[in-house]
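The values are calculated or read from the model by the stated rules, or taken from the named source; none is laboratory data. Owing to the predicted nature of the structure, the values given are computational and were not obtained by experimental measurement. Virtual Cβ from ideal backbone geometry, glycine too; neighbours counted across all protein chains shown.
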Amino acid sequence: MTRKLEELFDLPTTTAESVLPPEPVAETQLTSLSNSLEQLDKIEAALPAVRGLESSDQEMDDLAQHATDSYKDLMDLGMQVDSRFASEIFSVASQMLGHAITAKNAKVMKKLKVIDLQLKKLKMDRDQQGEAAVIPTGQGQVLDRNALLERVLGKNQNSQNE
């Protein structure tokens, strides 16, 4: 804080000696952190038990199929009735086709969301591992073209001889 601000707000002047060092982490914070981690572990253990995700896919497929069948039936009916009534039937048929498309889109969006969540979880797991997961590196050699050809041809000849 500057002196002008201290004077403006009538605050006591501070010196470098009056600044307190940061307090160490209290035990209550550590226990609350460990409690939070335990609760997170419980939640993660409960997640694989969620079932029924595949049944909603089947339901969406069924709804889309029913809407498509209704669309076809209404289109056939619209072709057979008087032209002044056909516009209403065709309008309803287009709505049925829209419902079929919406059901298929909802199914695809749900799958994409699950994939996105899986990718985020993998990224979090990798970030938590940090430097513990060391990527192995390969070894290389500098060869000229002739040495490389000799090695390749030598391996081919050894495999043919065996």
**Verdict on Gly78 being assigned to a helix (DSSP H, G or I), in contact with a Phe, Trp or Tyr (Cβ under 8 Å, 6 or more places away or on another chain) and either of a type in the set (Asp, Glu) or modelled with pLDDT of 85 or more (or both)** = yes
**Asked** Restricting to the stretch 118-162, what's the tally of residues that are assigned to a helix (DSSP H, G or I), at pLDDT below 85 and among the acidic types (Asp, Glu)?
**Response** 3
**Request:** Would you mind telling me which numbered condition in (1) part of a loop (DSSP other than H, G, I, E, B); (2) at pLDDT 85 or above; (3) β-branched (Val, Ile, Thr) Ile115 fails?
**Result:** (1)
**Prompt:** Name the residues in the stretch 4-16 that are loosely packed, with under 10 Cβ neighbours inside 10 Å and either at pLDDT 70 or above or of a type in the set (Lys, Arg) (or both), would you?
**Reply:** Lys4, Leu5, Leu8, Phe9, Asp10, Pro12, Thr13
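Would you say Ala106 is under 42 Å from the mean Cα position of the chain (by Cα), surrounded by 10 or more Cβ atoms within 10 Å (Cβ to Cβ) and either modelled with pLDDT of 85 or more or within 30 Å of Met124 (Cβ to Cβ) (or both)?
Criteria met by Ala106.
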